[in-house]
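Taking it in order: structure first as structure tokens, then the write-up.
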Amino acid sequence: MSYYFNKVLKGKSFDEAIDQVTAELKKEGFGVLTEIDVKKTLKDKIDVDFKKYRILGACNPHFAHKALQSEDKIGVLLPCNVIVEQHENGDIEVSAVDPIASMGTVENKNLGNLASEVQQKLIKVVNSLN
């Protein structure tokens, strides 16, 4: 089982991809709580040049609340990470965590349906990108 699903975007700038991903997440009830610029962080911390790579910590508060009510330590797996990266050929790849894969490690049957609902929303976000 894969732990993520993804889509490659052609003819779109990195910033356009970030904007589109953020907008599509919003349509599905997610906000971006955290944004980690990996390229900048690696340059600042260890003077390494890296490709454009951004980690967006996406959270749907309704689903997060339900998950936390079912399993108070589930916060170690939240928020749902979505990455946007630029490949050498200029293509942009967007990948989202598969919540079924990540929450499958937790022995709590109440999380299964919830993970499936979140998975469907994240798949919809990724599939809507162009």
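Since every read-out is calculated from the coordinates, none of them should be taken as a lab result. These numbers come from a predicted model, not from an experiment. Using ideal geometry, Cβ is built from the backbone for each residue, glycine included, and neighbour counts are taken over all protein chains shown.
List of remarks:
- Within the chain, longest stretch clear of exposed GluC sites (Glu not before Pro) (DSSP loop, no more than 10 other Cβ within 10 Å): 1-87
- In region 10-113, the trypsin sites (Lys or Arg not before Pro) that fall in loop regions by DSSP, at most 12 other Cβ within 10 Å: LYS10, LYS51, LYS73, LYS109
- Zone residues, region 49-77, relative to ASN110, backbone N less than 11 Å from point 7 Å out along Cα-to-Cβ: 66-73
- Cα centroid separation, region 71-130 to region 51-66: 8 Å.
- The alpha carbons of region 43-130 stretch over 42, 33, 21 Å along the principal axes, in descending order.
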